[in-house]
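Chemist: Mind looking over this structure? Questions follow.
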Amino acid sequence: MTAITRRRFLGLAGLAAGSTALAGCSAANWGFRGGSSRTAEITYALWDAHEQVGYQKSIDEFMKRNPDIKVTIEQIPYNNYQQKVTAQYISGDAPDVFWVNTPWLGDWAKGGLITDIAPKVKKAGIDLGQYLPSLVDLHRDGSKLYGLPKDWDTIAIYYNKNHLAKAGFRTPPADLSWNPKDGGTYLHFLKQLTLDHKGRNALDSSFDPSNIDVYATAMTNEFQAMYGCFFAMNGGALLPHAYATKSSLDTTANREAMNFMTDMLHAAHVIVPNGETGPNGDSTNSETIFASGRMAMWQAGDWNTVSLAQLSQFKVGVMPMPAGPKGRISVINGLIDGIASNTRYPEQAWRLVEWLGSADSQRILGSGGYIWPAIESLDPLFEAYWKKQGIDVSPFLAEAKGKTVNFPVGTGMNEALTNLTTALGPTFLGEKSVSAGMSSAQSIFDYRISYATS
């Protein structure tokens, strides 16, 4: 998805700020009850149809407790979400409260589209210590806080239980590890799972790499689920800190991790050829390939559990990622509910945000299997729900409680990540070396995040 650049956004917001449609944009309007009706009608925007069911249950309870507020949910397709919310804001018709994903946070925060709620949180006496600490940090910029944590996602590995049993594993091996020198025990395991058309695995001297029936896994061109984790596990990072204007992409640690993911594993014939997984070697087709049984494992985010639970071809398990030289480290991300700074109902919008960040709301959503609650003590509810459905999602929780790195935050981030995928495509497809690919990728990535702040 192509994000609106910060420079363009600020230009549009500046034009809009002088219009009567945005007359209520100032933070000084906190406490103003807009509209003439005794009932405030506010809009809540999101993009996920499955989670909308859970959020409707939560919001129904909120409206029972707040009869002076009527909340209508607006579903906006993800691929058009950032552009539409931005355009609605400029026209003075933005949703009062809306989901904020991290790639957009920097632009919306720095552009003044979403409200700093730190004063409201302090006044309400909300204990930020109840949330996973990384989630609070993710949405904070100095003394400013742009939302209350309400959910989180980490990365683990879904696996085909039937295939692992066929390969001789009742359960996955414990404590698998990888390294950029020889691949570690993880590469050995991947070879055990990769089978040719005669059922021989990749450790067999007679293995036929030109005729593979089942690959062990895929290594796709995506930051959150793949190389963001492998970079961190090898001591690298994409950004040195939040809102940085220069990345730390093209480093020895990151090049080593990328070489492991691409050259080493391709040479071992244990991963699906990236031309098959999707454009630029991304993960567009990964779920379909996994569901077909053509790859035994899929490293991905926990948001895929809903669709994978519907599979009837085989039973799905979840295992941790292998640990790297610096340990097992997952990228962690989470959504917040942003309050449009030009809402006519700032107090009512805050009451909704406060509710959605509360234990009462997150208990509804967690127990229904809709989200991992950001409130740590409630996470067992989500785990218990999926255990009843036959899927043990505890590895995702173990990742969240272990070492994590936050999803990168900065201005121009969404566009920068889109360009990064394009720039790294030739490397994942084997058309460009790791060193050349990383160098060119850093140039375009740095241009995007630095241009957006100029």
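The values are calculated or read from the model by the stated rules, or taken from the named source; none is laboratory data. What you are looking at is a predicted structure, and each value in this text was computed from that prediction instead of being measured. Don't worry about glycine lacking a Cβ; one is built from the backbone with ideal geometry, like all the others, and counts go over all protein chains shown.
Chemist: Under the condition of being of a type outside the set (S, T, Y) and part of a helix (DSSP H, G or I), which residue from region 278-293 is surrounded by the fewest Cβ atoms within 10 Å (Cβ to Cβ)?
Modeler: Step by step, filter region 278-293, then rank; the result is P279.
Chemist: Out of all the residues in region 75-91, which are surrounded by 15 or more Cβ atoms within 10 Å (Cβ to Cβ), in contact (Cβ under 8 Å) with a residue 12 or more places away in the chain and closer than 25 Å to F62 by Cβ?
Modeler: Listed by number, the residues that qualify are I76, Y81, V85, Y89.
Chemist: Would you tally the residues in region 361-378 being within 21 Å of the chain's Cα centre (by Cα), crowded, with 23+ Cβ neighbours inside 10 Å and assigned to a helix (DSSP H, G or I)?
Modeler: 3
Chemist: If you check every pair at least six apart or on different chains, which have Cβ atoms under 7 Å apart with a residue in region 55-66 that is buried (at least 17 other Cβ atoms within 10 Å of the Cβ) first and a residue that is of a type in the set (F, W, Y) second?
Modeler: Matching pairs, first to second residue: I59/Y44; F62/W355.
Chemist: Right, here's the next one. Looking at (1) without any contact (Cβ under 8 Å) to a residue 60 or more places away in the chain; (2) over 16 Å from M295 (Cβ atoms); (3) among the aromatic types (F, W, Y), can you tell me which one Y131 breaks?
Modeler: Against the list (1) without any contact (Cβ under 8 Å) to a residue 60 or more places away in the chain; (2) over 16 Å from M295 (Cβ atoms); (3) among the aromatic types (F, W, Y), Y131 comes up short only on (1).
Chemist: When only residues in region 122-165 that are in a strand (DSSP E or B) and basic (K, R) count, which is surrounded by the fewest Cβ atoms within 10 Å (Cβ to Cβ)?
Modeler: K144
Chemist: Ok, one more. Condition check: over 27 Å from the mean Cα position of the chain (by Cα), on the phi > 0 side of the Ramachandran plot and outside the structural domain of W303 (by TED's automatic domain parsing). Does G112 satisfy that?
Modeler: no
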